[in-house]
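Asks: Shown below is the structure under consideration.
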Amino acid sequence: MIGQTLEVLVEKQDGLTGFYRGRSVFSAPDGIDGEVIFKSDEPIKFGTFVPVTINRIKTHDFYGKVEKEKV
């Protein structure tokens, strides 16, 4: 999974860290699966899909960064 790009539905943003949180098509909508936690250089609207390249995995959560040219 590391290095792969996933389409992620943006659901919320952490006010302290600035990280966005969302889920990919592989995640269940009921919160049973982990989240995709990611940074973006540009503001993102909740409810939109963005491409996130995964650079770290911790337990059930994926961490990554939005592909800059596609935001």
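Asks: Give me the residue from region 12-40 that is acidic (Asp, Glu) and under 17 Å from LYS65 (Cβ atoms) and, out of that set, modelled with the lowest pLDDT.
Replies: Taking the candidates together, the pick is GLU35.
Asks: Turning to a different aspect of this structure: Identify all residues within region 19-71 that are crowded, with 16+ Cβ neighbours inside 10 Å and over 9 Å from the mean Cα position of the chain (by Cα); write none if there are none.
Replies: Within region 19-71, SER27, GLY34, SER40, ILE44 qualify.
Asks: Would you pick out the residues in region 44-71 that are modelled with pLDDT under 95, assigned to a loop (DSSP other than H, G, I, E, B) and not hydrophobic (A, V, I, L, M, F, W, C)?
Replies: Matches in region 44-71: THR59, HIS60, GLU67.
Asks: Could you tell me whether any residue of region 20-30 is touching a residue at least 40 places away in the same chain (Cβ under 8 Å), assigned to a strand (DSSP E or B) and not hydroxyl-bearing (Ser, Thr, Tyr)?
Replies: Scanning region 20-30 turns up no residue that is touching a residue at least 40 places away in the same chain (Cβ under 8 Å), assigned to a strand (DSSP E or B) and not hydroxyl-bearing (Ser, Thr, Tyr).
Asks: Go through region 33-43 and give me each residue that's out of contact with any Asp or Glu (no Cβ under 8 Å at 6 or more places or on another chain) and part of a strand (DSSP E or B).
Replies: The answer is PHE38, LYS39.
The values are calculated or read from the model by the stated rules, or taken from the named source; none is laboratory data. Quick caveat: nothing in here was measured; it's all calculated off a predicted structure. FYI the Cβ positions are ideal-geometry reconstructions off the backbone, even for glycines, and counts take in every protein chain you see.
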